[in-house]
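Asks: Got a structure for you, written out below as structure tokens; questions coming shortly.
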Amino acid sequence: MSLTSQIKKILKKNDVKFIDAFKDVENESDLLEIFSKTIPERVLHYDSECIDSPESYIGVLEEHAEITLGEFQPKNSKVTGDLDSSINLSFNIDGKLKKFRIEQNSSSWMTESFYDRLRSFSKRELGSDYLELPTTDQSTAVVYLPKKVASQLERKCIGMKTTDQVIEYIKNRGCPSTINWNYTSQDVVDGLSSDGETIATAILKAELPEHIGFYSSGYTFVEGVFEEFGESTPVSLISQNKYGETPYDISRNHSSNFIQQYLDYVCQSETISLGEVLSPNLSCFELNDFIKDAISNIHPLLESMNFDKSAYGNCLSFSPEKNFIRGKNQATLLLNRNREGKLTSFKLFIQQSGDIKRTLCKNYQLDEVKSVSNMLSQYCTGDLWNKVV
């Protein structure tokens with residue numbers, strides 16, 4: 001089902017009127033076009049570099065109010081302060097005075113500070129939400145929709161915006177498979193929550209309900225979630241949290257035997273030598289040429305490493321430790337593909353658990369082979385953590 005069809009289905013189910021005569025499109029970059037054609041009266045699209053005086057925010061506020069279709073009607077809007085530091089925007093609504101403090105810091109751009117205040121206000125005071133849409137230039141675009149509709153569209157068509165948002169959705173009994181992972185930024189998937197947890201460590205620590213209907217009978221909720229994590233989502237089951245804990249570490253004291261056994265299966269490796277990795281007669285896989293290039297000039301350093309037998313083709317994972325626990329001490333190099341299956345970049349994940357400063361998760365362009373090789377070389381010699389800030 002195309003994005004247009006998904007969006008129309010959600011709007012229709014929630015009694016939001018829309019224009020139907022519009023072609024189907026598939027890509028996230030088309031979301032602004034979809035909304036501009038189906039519900040144009042609810043969409044605001046403008047150049048983000050539009051703040052040439054404090055008074056600019058009065059106009060910006062009025063434009064955001066206009067797409068609420070009368071729900072938000074600020075009156076007597078005023079501003080104080082200056083562009084060099086912060087701006088105070090005040091207005092009256094329903095006889096009450098409201099104030100936004102906006103950090104501007106000499107910028108001529110709309111700042112995230114304004115949207116932080118606006119979203120906080122809409123969640124408390126209004127019945128709908130401003131949903132930010134992806135754009136391909138320096139513009140900003142938002143659509144104003146009832147909260148339930150905005151939540152469904154964000155999850156299914158746009159993707160989660162923060163790691164906290166993913167965690168809260170799952171903790172509130174949301175199934176991971178209903179999140180649109182294709183449109184959820186990898187920074188969100190790999191990031192830490194405001195409490196310093198990864199998605200996986202947060203869910204392991206949460207008090208979750210015993211049973212939910214969309215998982216197989218016999219599974220508790222957390223067991224079903226982790227099986228989803230391992231099979232159909234990009235959620236890492238080996239990244240450490242702010243406190244140096246990996247999911248494997250936390251699972252050792254978890255009440256679920258299934259979780260302990262599942263993370264044993266996910267995290268325990270069987271290793272082979274570099275010779276077995278490179279030999280077409282001995283290897284269980286054939287390395288992609290991009291990965292061969294990345295390791296071609298550091299073979300002597302890799303001789304002492306132990307390679308994960310389960311990695312193959314577009315992925316290479318190794319450690320100085322024999323049959324290592326994944327996530328405890330390892331380097332992994334893999335190749336990212338876009339939704340059309342085309343190779344787009346290297347992803348380098350290196351981690352020594354126990355210290356969050358010893359986790360490196362970084363993407364490199366395919367022509368940055370030398371940089372990738374240098375990082376892997378430093379890991380092999382033990383110099384990496386002295387050089388990575």
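The values are calculated or read from the model by the stated rules, or taken from the named source; none is laboratory data. Remember, predicted model here, so these are calculated numbers, not experimental data. FYI the Cβ positions are ideal-geometry reconstructions off the backbone, even for glycines, and counts take in every protein chain you see.
Asks: List the helices (runs of 4 or more DSSP H) that sit entirely inside region 227-293 and contain at least 1 residues that are at pLDDT 90 or above and in contact with a Lys or Arg (Cβ under 8 Å, 6 or more places away or on another chain). Steps first, answer last, please.
Replies: Details: elements: 247-251, 257-267, 274-278.
Passing ranges, in order: 247-251, 257-267.
Asks: Considering only residues that are outside any loop (DSSP other than H, G, I, E, B) and among the aliphatic types (A, V, I, L, M), which ones fall in region 358-385?
Replies: Those that are outside any loop (DSSP other than H, G, I, E, B) and among the aliphatic types (A, V, I, L, M): Leu360, Val369, Val372, Met375, Leu376, Leu384.
Yes or no, residue by residue, for (1) surrounded by fewer than 20 Cβ atoms within 10 Å (Cβ to Cβ); (2) farther than 17 Å from Glu197 by Cβ:
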residue	(1), (2)
Thr220	yes, yes
Glu228	yes, yes
Glu231	yes, yes
Val235	no, no
Gln240	no, no
Tyr243	yes, no
Pro247	no, no
Asn257	yes, yes
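Asks: Continuing with this model, one more query. Take Ser128 and tell me if it is within 22 Å of Phe18 (Cα to Cα), in contact with a Phe, Trp or Tyr (Cβ under 9 Å, 6 or more places away or on another chain) and among the polar types (S, T, N, Q).
Replies: yes
Asks: Shifting gears a bit: Considering only region 165-181, state which residues are surrounded by fewer than 20 Cβ atoms within 10 Å (Cβ to Cβ) and either within 10 Å of the chain's Cα centre (by Cα) or modelled with pLDDT of 85 or more (or both). Reasoning before the result, please.
Replies: Here is the first cut: in region 165-181, the residues surrounded by fewer than 20 Cβ atoms within 10 Å (Cβ to Cβ) are 165, 168-169, 171-175, 177-178, 180-181.
Residues satisfying the conditions are Gln165, Glu168, Tyr169, Lys171, Asn172, Trp181.
Asks: Condition first: under 28 Å from Val149 (Cα atoms), at pLDDT below 90 and outside any strand (DSSP E or B). Can you find one or more residues in region 64-78 that meet it?
Replies: No - not one qualifying residue is present in region 64-78.
Asks: Quick check on this structure: which one of Phe114, Phe121, Phe91 is assigned to a strand (DSSP E or B), over 30 Å from Pro176 (Cβ atoms) and not charged (D, E, K, R)?
Replies: Unique residue meeting the criteria: Phe91.
Asks: Looking only at region 9-31, filter to residues that are at pLDDT below 85 and in a helix (DSSP H, G or I); which one of those is surrounded by the fewest Cβ atoms within 10 Å (Cβ to Cβ)?
Replies: So, considering only residues that are at pLDDT below 85 and in a helix (DSSP H, G or I), the one surrounded by the fewest Cβ atoms within 10 Å (Cβ to Cβ) is Ser29.
Asks: Moving on. Please work out which residue is surrounded by the most Cβ atoms within 10 Å (Cβ to Cβ), limiting yourself to region 304-330 and to residues that are charged (D, E, K, R) and touching a residue at least 40 places away in the same chain (Cβ under 8 Å).
Replies: Start the filter on region 304-330 by keeping residues that are charged (D, E, K, R), which leaves 308-309, 321-322, 326, 328.
Filter once more, so that each one left must be touching a residue at least 40 places away in the same chain (Cβ under 8 Å): 309, 322, 326, 328.
Numbers: Lys309: 17, Lys322: 9, Arg326: 22, Lys328: 19.
Once the filter is applied, the top-ranked residue is Arg326.
Asks: Which ones in region 304-336 are touching a strand residue (DSSP E or B) at 6+ places or on another chain (Cβ under 6 Å) and at pLDDT below 85?
Replies: The answer is Ala311, Asn314, Asn336.
Asks: Counting only residues that are modelled with pLDDT of 90 or more and crowded, with 16+ Cβ neighbours inside 10 Å, which one in region 99-112 is farthest from Gly127 (Cα to Cα)?
Replies: Selected residue: Ile102.
Asks: Another question about this same structure. Go over the candidates Ala150, Ala141 one by one and state the one that is free of Cβ contacts under 8 Å to residues at least 40 places away in the same chain, touching a strand residue (DSSP E or B) at 6+ places or on another chain (Cβ under 6 Å) and crowded, with 17+ Cβ neighbours inside 10 Å.
Replies: None of the other options fit; the residue is Ala150.
Asks: When only residues in region 331-344 that are surrounded by fewer than 16 Cβ atoms within 10 Å (Cβ to Cβ) and in a strand (DSSP E or B) count, which is farthest from the chain's Cα centre (by Cα)?
Replies: Taking region 331-344 and keeping what is surrounded by fewer than 16 Cβ atoms within 10 Å (Cβ to Cβ), we get 336-344.
If we keep only those that are in a strand (DSSP E or B) too, we end up with 336-337, 343-344.
On the way: Asn336: 15, Arg337: 16, Leu343: 20, Thr344: 18 Å.
Applying the filter and picking the extreme gives Leu343.
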